[in-house]
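A short reminder: the numbers here are calculations on the coordinates, not readings from a lab. These numbers come from a predicted model, not from an experiment. Ideal geometry is used to build each Cβ from the backbone, glycine not excepted, and the neighbour counts take in all protein chains shown.
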Amino acid sequence: MVTKIISLGVQIPGPHVTFAPFRSNASLADGDIVVCRPDAREFTDDNNDPNQVEAQLDARGSAAFLRAAHHWNGQLRAAVEAGKTVFVFLAEPVTLHLADGDTETARSGRAISSYDLAPVPPGWTARTGTDMALTTTGDATIEAYWARFGALSKHHVVWENHQKSASIQTAADRHPVGYVLTPGNSGGQLILFPDLPFEDIAPIPDDAGNRPNGPAAATGFADDLCRELLRLAGAPEPEAPEVAPDWAGDPRYRLPAEAEGRARIDAIEDQIRALEAQIEDRRREITEATRLKALLFASGPRLDAAVADALLALGFTTEPTDAGPSGLGPSFTCPEGRLLGVADSPEDGPVGLAKLREATFRLLEDAERDEVHDPAKAILFGSAHRLAPPAERPACFTEKCVRTAQATSLALCDTCDLFAAVRHVLRSGDDETARRMRVLLLTTSGEVKPDLPEGEGPRAT
């Protein structure tokens, strides 16, 4: 009987080894032994970088990784429960940041690990080394494997707990780096080994899908590895598989169950593509919906756009004007009046008089237009200390700026307060609250302080 080895995430040369990429939906049911190496490079942009330890996934990559983690954890656990042996080679873990709609923030989104692709016990810490030894209480069956491959092995993680199931440990401080686990009563095993230099024997495919030939020792290495894994799993060494001729795949010889199975697979793949499209649509919606968050941290044109979005959400409409020497943009109108705004966003200090002077100049420039009969309200929107959490920020405007604004009937609005007011209006759908906020913006001299319910303020925790 031919023993079939399925290698997941790592290519091992050999006629009896079937490779399955993590992005596939393959089943492990047909395999007698499974070799897994949790490696996230299939999901990252720079998938040929062997030293990558952190990566930001885009929306498609995030969806694909989460789907793969769910699928392969289930498949690997089911294989062990079915009495099979699963070998996991612990590659260097990669921290992955899932897409969360904020394309402007580096390393944004929930952080997960490449180890989420396999049932790796929790509690590990990333630490690389080569000085290892077998434990005195571990499974003695791995001694022959370790004699052949111990010198080639490298650990990338350690566990703090000194568990009896540990079979390999660091030589100096005896932290576990390898396990032989036998969960349940099925007879199956989950064996975790330190990593081996698989890249040296099975180079990563290039963009065309071609895998360069490894060194001359590759075949011997792979044969020795497969022989040891088969021995550990208690399986006979495989015979050379009998390969079906090419003509056997002709549709003329297709069996009814085969045709039905292929049709079902095609239908499921169509559903998966449709769901992926829905996920991308939802992520675009999230990106659009979170534009207002720029009020809390953005600068320049992005902050200007967020202020405009906030005013529109409060019930203002835009009134285009010709840009003058100051770069005057649109004014904002509502039943209660009209306003002009400028924004400033210093990273490490309060907003001062310079931008207040610009707001005054824009107000005068607007008043000079022939079609203007009533002056607009000038407002300076400030986002001071913008990289600090809102609850930890000091005053947004200098005292001199506040006193000058009060004396000249100009308004000052912290964009954190504007964000909180707009969020409350969007949550409650309360038109009266929106109207009161418009009136407050148009009538305040000095700092604008929205009257919001308890817990709705910008610095609420």
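Each of V17, L90, I5 was scored by the projection of its Cα onto the charge dipole of the chain, and the greatest displacement toward the positive side belongs to L90; charges sit on the C-beta of Lys, Arg, Asp and Glu. Dividing the summed -39500 (n - 2.57) terms of all DSSP H runs of n ≥ 4 by the residue count of the chain sets its mean residue ellipticity at 222 nm at -10500 deg cm²/dmol.
Projecting label points 7 angstrom from Cα along Cα→Cβ for A267 and L387 puts them 5.5 nm apart.
Can you tell me which lysines have their Cα less than 25 Å from the Cα of K355? Leave out same-chain residues fewer than eight positions away. Filter leaves K293, K377, K400, K449.
Can you tell me how much longer the chain between A133 and R282 gets when fully stretched, taken as 0.36 nm per residue apart minus their C-alpha distance, in nm with one decimal?
Working: separation 149, 0.36 × 149 = 53.64 nm, distance 5.00 nm.
Stretched out fully, the A133 to R282 stretch lengthens by 48.6 nm.
Spin-label model, A289 to E371: label points 7 Å out along the Cα-to-beta-carbon direction sit 3.7 nm apart. Once the Cα-Cα distance is subtracted from the 0.36 nm per residue extended length, the T141 to R254 segment shows a gain of 36.2 nm. Taking the Kirkwood radius as Rh and the Cα radius of gyration as Rg, region 291-447 has a ratio of Rg/Rh equal to 0.94. Take every pair of alpha-carbon atoms less than 8 Å apart whose residues are at least six positions apart; their mean separation over the length of the chain yields a relative contact order of 11 percent.
So what is the relative contact order of region 330-448, in percent, for Cα pairs below 8 Å that sit 6 or more residues apart? That works out to 27 percent. Toward the positive end of the charge dipole of the chain, with +1 on the Cβ of Lys and Arg and -1 on the Cβ of Asp and Glu, the farthest Cα among L340, I265, W146 is that of W146. Annotation: lysines with alpha-carbon distance below 23 angstrom to K4 (same-chain offsets under eight excluded): K84.
Rounded to whole Å, the principal axis extents of the Cα atoms in region 327-376 read 40, 22, 15, largest first.
Peptides 343-354, 375-386, 433-444 ordered by packing proxy, namely the average of other Cβ atoms within 10 Å per residue, highest first: 375-386, 433-444, 343-354. Here r is the Cβ-Cβ distance between E454 and R148 and R0 is 51 Å; the resulting FRET efficiency, rounded to 0.05, is 0.15. For a quick check: with amide H placed at 1.01 Å from N, whose amide H comes under 5 Å from Q56's, ignoring anything fewer than 5 positions away on the same chain? Sorted by chain and number, the residues that satisfy this are H97. Binning the C-alpha pair distances of the chain at 10 Å intervals from 0 yields a P(r) profile of 4, 16, 20, 15, 12, 12, 11, 7, 2, 0 %, listed from the shortest bin outward. The listed peptides 361-373, 28-40, ordered by packing as a protection proxy, come out as 28-40, 361-373 (highest mean of other Cβ atoms within 10 Å first). Fully extending the segment from D431 to A172, taken as 0.36 nm per residue of separation minus the present Cα-Cα distance, adds 86.4 nm. Simple spin-label estimate for N25 and L353 gives 6.8 nm between the two label positions (7 Å along the Cα-to-Cβ direction from each Cα).
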